[in-house]
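Okay, structure first, notes after.
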Amino acid sequence: MKIVVCPDSFKGSLPAWQVAEAISKGLRCELPEAEVIELPLADGGEGTAFIMAKATNGKLIRKKVTGPLGEKVNAHFALLGDGKTAVVEMAQAAGLSLVPPKKRNPLKTTTYGVGELIKFALDEGVERIIVGIGGSATNDAGIGMAQAIGFRILDENGEDVPLGGEGLLKMEKIEIDEVDKRLQNVKIIIASDVQNTLLDAARVYAPQKGAKAEDIILLEEGLRRFAEVVRRCLGKDVLNLPGGGAAGGLGAGLVAFLNATPSSGIDTVLDYINFDEKVKGSDLIITGEGKLDKQTAYGKAISGAIRRAQGKPVIALAGEVEEGLDLSLLGITSALSIVNGPMTLRQAMKKTPLLLESTAREIAKILKIGGMLYERA
């Protein structure tokens, strides 16, 4: 029997690779003869660089960069096994998890560190850089990233605009004379499954990052100004670009400043971890995420794996399964909550590894029963 274990992270509790390990451990306890393949998932958000490095025999390169509040933070990017591809995870330098709740303010937070990571990746002599843009704390349309790699974003007095979303309000001109020349020979790929346009960065996502009602009005005004200055100075129209609103407008910024190519985050990861080939000949796919609900079908990592599951039966594990969820719409054969008794959310999150392992063991026992019944028939 061949089983592919391909979960996303259980956010706030366990990263995807540890979820995969726990499930696989439970399966192997009951089915030691089975071939269990671990393929943890990511879609451009947290964990993407690690997962892609591990799957391709690459490595993580650790650096200190400017964090979202202007402080120095420890971050990493991946150099994949081919030696020609780097994966920059914007959440490493500008992620929401780096900002304490009381300090979240997208008028102030910056993507400057993302640009620094891109420059460090260039130092490795790569031919392409995949930029995963999930989990951001920012709403600066990537002007911080651009400033870090040499773009001058100037106000009406010819001075550099301040970092953060507030800098968008003062934009008047973009100068390119000091941009890192190495970028001319490198392909930039955006890994994201968000399709919202630029202004949605303020309307839809900024409140999650600490923006108040009055801040949203300013941020939207700034994003409009950004689009106009980009059109005038760089000749690119990013206002209605699908995906331009991802990561506080970083999607639009990467296209505007680096001529980046948008791509599906989950499909990019699945391609690099050789998902389709590893699924061939499998008997069962086990996936999972923290909460299984209607949103699972809309761009979440496991939805991409289910879509490419080649018709195999799929079991999904979750901390919570939404009541009345139509599994057929998701392409899932069976969905199981790993919570096996009364407990608080905090208790469940603390016990996630054990709960995953025990649920996987029960699945394996059922598979053994099915095998015995088949033999008797």
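The values are calculated or read from the model by the stated rules, or taken from the named source; none is laboratory data. Note that the structure is predicted; figures quoted are calculated from it, not measured. Cβ: placed from backbone, ideal geometry, glycine included. Neighbour counts: every protein chain shown.
Observations
For (1) within 26 Å of the chain's Cα centre (by Cα); (2) surrounded by fewer than 18 Cβ atoms within 10 Å (Cβ to Cβ); (3) not assigned by TED's automatic domain parsing to the domain that holds Ile302, each residue gets a yes or a no:
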| position | (1), (2), (3) |
| --- | --- |
| Ser334 | yes, yes, no |
| Ser337 | yes, yes, no |
| Ala348 | yes, no, no |
| Thr352 | yes, no, no |
| Glu357 | yes, no, no |
| Glu362 | no, yes, no |
| Lys365 | no, yes, no |
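- Scoring Ile285 on the criteria (1) part of a helix (DSSP H, G or I); (2) in the same structural domain as Glu323 (by TED's automatic domain parsing) leaves a single failure, condition (1).
- Matching residues in the stretch 133-153 - criterion: being of a type outside the set (Phe, Trp, Tyr), assigned to a loop (DSSP other than H, G, I, E, B) and in contact with a strand residue (DSSP E or B) (Cβ under 7 Å, 6 or more places away or on another chain): Ile133, Gly135, Ala137
- Qualifying residue in the stretch 5-19 (condition: on the phi > 0 side of the Ramachandran plot, of a type outside the set (Asp, Glu), assigned by TED's automatic domain parsing to the domain that holds Thr296 and surrounded by fewer than 24 Cβ atoms within 10 Å (Cβ to Cβ)): yes
- Residue tally, condition outside any helix (DSSP H, G or I) and of a type in the set (Gly, Ala, Ser), over the stretch 310-369: 10
- Flag for Glu156 being of a type in the set (D, E, K, R), outside any helix (DSSP H, G or I) and either at pLDDT below 95 or more than 24 Å from Lys64 (Cα to Cα) (or both): yes
- For the stretch 134-143, the count of residues that are under 19 Å from Val230 (Cβ atoms), charged (D, E, K, R) and surrounded by 24 or more Cβ atoms within 10 Å (Cβ to Cβ) is nonzero.
- Elements of type strands (runs of 3 or more DSSP E) in the stretch 58-132, at least 3 residues being under 15 Å from the mean Cα position of the chain (by Cα), at positive phi and acidic (Asp, Glu): none
Listed here are the residues, each with its yes/no results for (1) without any contact (Cβ under 8 Å) to a residue 24 or more places away in the chain; (2) under 21 Å from Val88 (Cβ atoms); (3) assigned to a loop (DSSP other than H, G, I, E, B).
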| residue | (1), (2), (3) |
| --- | --- |
| Glu214 | yes, no, no |
| Leu219 | no, no, no |
| Val229 | no, no, no |
| Cys233 | no, no, no |
| Asn240 | no, no, yes |
| Gly244 | no, yes, yes |
| Ala252 | no, yes, no |
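Yes/no matrix, rows are residues, columns are (1) closer than 25 Å to Ala148 by Cα; (2) in the same structural domain as Lys181 (by TED's automatic domain parsing); (3) not aliphatic (A, V, I, L, M):
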residue: Ala201; (1), (2), (3): yes, yes, no
residue: Tyr205; (1), (2), (3): yes, yes, yes
residue: Glu214; (1), (2), (3): no, yes, yes
residue: Phe226; (1), (2), (3): yes, yes, yes
residue: Val230; (1), (2), (3): yes, yes, no
residue: Ala246; (1), (2), (3): yes, yes, no
residue: Gly253; (1), (2), (3): yes, yes, yes
residue: Phe257; (1), (2), (3): yes, yes, yes
residue: Gly281; (1), (2), (3): no, no, yes
